[in-house]
Every structure is written in C-alpha cells, then in structure tokens.
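The values are calculated or read from the model by the stated rules, or taken from the named source; none is laboratory data. Please read all numbers here as calculations on a predicted model, not as lab measurements. Cβ coordinates were reconstructed from backbone atoms using ideal geometry, including for glycine residues, and neighbour counts include every protein chain displayed. Side chains are part of the model used for accessible areas, which takes the heavy atoms of the whole protein and leaves out ligands, DNA and RNA. Shrake-Rupley method; radii C 1.70, N 1.55, O 1.52, S 1.80 Å.
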Amino acid sequence: MSIEPTTSCNLGCPECPSGLKQFTRPTGKIDLGLHKRLLSQIDKSVFYINYYFQGEPFLHPRFLELIKEAKRSRIYTSTSSNVHFVNPKKALEIVDSGLDRLIISIDGLTQKTYEQYRVNGKLSKVLKASQYLVEAKKERASDTPHLIFQFLAVKPNEHEIPQVFELASEMSIDEVRIKTAQLYKYKHGNPLMPENEEYSRYTKQKDGSYKLKGKPGNHCWRMWSGSVSTWDGSIVPCCFDKDAKHVLGSIQHHHFNEIWNASSYRNFRKAVVTNRQAVDICNNCSEGTKVWA
C-alpha cells in the first residue's frame, strides 16, 4: 500500500505535478484519525506501506506518528524524501520511529547538476542530512532505516552516475539505486532525456521520435498486489495516477475491502487487461512492459 502524507513540497522539480503546483486535486495532509481508520482496515492484509505518493513527507508536521502507528501493527514502512528538513534531532527521531527504509533523493553530485532537476534544492542539505542519519543509526546501534541514495538519471547528471556509488560507500549509505525518469513530453525528445539509453525509459525510433521501451501488453501486476491512498483517503489504482483521476472509492465513506472488491475497481482491472492502451495513465507507464518491469 502507498499512503500519501501530503501533497505539499518545498521543491519545484520539472516533471513533478507536486513541485510544479499543477494538481487539479486539493492540496493537504492526511488526518491522523483517517490514517488510523485506514490502518485498522488493512493491517491484516498489508505487510508493506510506502509512505509516499506525491509531495515531501516531512512537510507533514506529525509524519513520524504515522510510521509509529504502522509499526505497532507490525507493518514494514518506507518513505522517499529530499531530506531538506532532517537535522541531527530529526535524524534520531527517524531512527527511533522504527522507519524501515528511507530513500534519499540525491540526483546530482554538484549543486549545478543537482538543481537542474531539484529546483530550489540545496545539495549541501542532502549531504548533511544523510550524514546525520548515518550518525543517528550508529548512536542508536540500529540497522534501520535502510538508507538508499536514489539517483534520478537525467541528461544533466548522467555523467556523475559512477561517482554516486563511490560517495555512498564513503558515507556508509546502504544502497544506491539509479532510477529512470518518467517524462511527460518525450515523443520528440526532451532536454532531460539521458544520452545513454541504458538510463532512459524511452528508445529512439527510425523516424527520430521516441517511444516507451518494451512492448506494453494487457497486463499489470500492480492491479492485484497493491493500492494507493491519497492524503484525503481517496483510493486510486497505482502511483501513475498522480492527479487522482481514477478514484475508485474513499476511506471516508467505505471500508477498504469494499472498495478493493467493488465493481468500479473490478471494471478498472478489466480495462487494463482488455485494452491497456486505452487507459490514459498506462500510456507512459514502465511497469507493464516486458523490458522495464
């Protein structure tokens, strides 16, 4: 399950509706009572919660209370953050919360490359926060959270990819992940598209245009393995529905099990396995292709 703490964000990333402030849905943060209600409905069937969808999780003033509540239900927890709000005190609180996994968006090894995607961000804050987290884990003699440097590969930073592995090793970061970027405008190229096609979700065709790698078929494992809750309790099918255009129900009005088994959800699954290309959010999705699964 993915649960969205908030849609607010301090950055202005060019391929993110949260950063660009382009949502048509309301901006807000999850109510602790609503979160507790949702947990009570899913704690027997959900074993992993990613506390991230859109927005910066640590802009929710009581974000770590969400983590603690999930840990009381013995659920594995993770989140993704630009870590601009992590100081030494907050780093200790994160470790003490029981958070299992923390993805740190680094996306550049100089301020010049970092800010070309992480607009309004400061690389120095990311590096300091990462060190605070490593030190907090040592102080508490804790193996968690598992710290991941996530490097979003785009043209301005792709030359730095080998060095991010070296930096992670030097800083005692547990893992590095190179993530391909979803680009909204890609058919005629995009300034952010990496030159090395290994780092891209898209491939160049003979006519010079680009298409999504792989062969999209009428299938998607996500439709049966997980779900997403927005901050206000709306249930959407997956993380590619960033603007919540396909609301399948609301926790504010129905039990999650009712929504999961409702005709609206079953009809959406049927649409994906019948004619996936006709579903708008599937057209730029790498999950259902044979190569990028």
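Annotations for the structure displayed:
- Residue match in the range 192-215 (condition: open to solvent by 50 Å² or more (accessible area, probe 1.4 Å), under 28 Å from Thr27 (Cβ atoms) and touching a residue at least 12 places away in the same chain (Cβ under 8 Å)): no
- So Ile235, is it buried (at least 21 other Cβ atoms within 10 Å of the Cβ), part of a helix (DSSP H, G or I) and free of Cβ contacts under 8 Å to residues at least 60 places away in the same chain: no
- Per-region count, the range 146-168, residues farther than 26 Å from Ile94 by Cβ, part of a helix (DSSP H, G or I) and either among the charged types (D, E, K, R) or open to solvent by less than 30 Å² (accessible area, probe 1.4 Å) (or both): 3
- Asp143 falls short of the stated requirement of being open to solvent by 20 Å² or more (accessible area, probe 1.4 Å), touching a residue at least 40 places away in the same chain (Cβ under 8 Å) and either of a type in the set (Val, Ile, Thr) or in a loop (DSSP other than H, G, I, E, B) (or both).
- Asn87 vs. criteria out of contact with any His (no Cβ under 6 Å at 6 or more places or on another chain), surrounded by fewer than 16 Cβ atoms within 10 Å (Cβ to Cβ) and over 16 Å from Leu11 (Cβ atoms): yes
- Scanning the range 43-61 turns up at least one residue that is of a type in the set (Phe, Trp, Tyr) and surrounded by 22 or more Cβ atoms within 10 Å (Cβ to Cβ).
- The set of residues in the range 246-287 being among the basic types (Lys, Arg), open to solvent by 20 Å² or more (accessible area, probe 1.4 Å) and at pLDDT below 95 is empty.
- Yes/no for Leu64 being more than 30 Å from Pro156 (Cβ to Cβ) and surrounded by 17 or more Cβ atoms within 10 Å (Cβ to Cβ): yes
- Which listed residue, of Leu66, Leu39, is among the hydrophobic types (A, V, I, L, M, F, W, C), under 19 Å from the mean Cα position of the chain (by Cα) and over 20 Å from Lys138 (Cα atoms): Leu66
- Checking the range 95-112 against the condition returns a match, with at least one residue being among the acidic types (Asp, Glu), at pLDDT 95 or above and closer than 21 Å to Ala141 by Cα.
- Where a residue in the range 266-293 is within 16 Å of Phe240 (Cα to Cα) and its partner, wherever it lies, is basic (Lys, Arg) and at pLDDT below 85, with Cβ under 8 Å and at least six apart: Thr289/Lys215
- Of all residues in the range 10-26 being under 17 Å from the mean Cα position of the chain (by Cα) and polar (S, T, N, Q), the one that is farthest from Asp243 (Cα to Cα): Asn10
- Test: Leu92 is part of a loop (DSSP other than H, G, I, E, B), under 20 Å from Asp174 (Cβ atoms) and not basic (Lys, Arg): no
- Applying the set (1) open to solvent by less than 60 Å² (accessible area, probe 1.4 Å); (2) of a type in the set (Lys, Arg); (3) within 18 Å of Cys16 (Cα to Cα); (4) without any contact (Cβ under 8 Å) to a residue 60 or more places away in the chain to Lys179 leaves exactly one unmet item: (1).
- Within the range 216-232, the set of residues being over 27 Å from Lys185 (Cβ atoms) and open to solvent by 30 Å² or more (accessible area, probe 1.4 Å) comprises Trp221, Trp224, Ser225, Trp231, Asp232.
- Across the range 102-115, the qualifying residues are those that are surrounded by 19 or more Cβ atoms within 10 Å (Cβ to Cβ) and of a type outside the set (S, T, N, Q), and the one among them that is farthest from the chain's Cα centre (by Cα) is Leu109.
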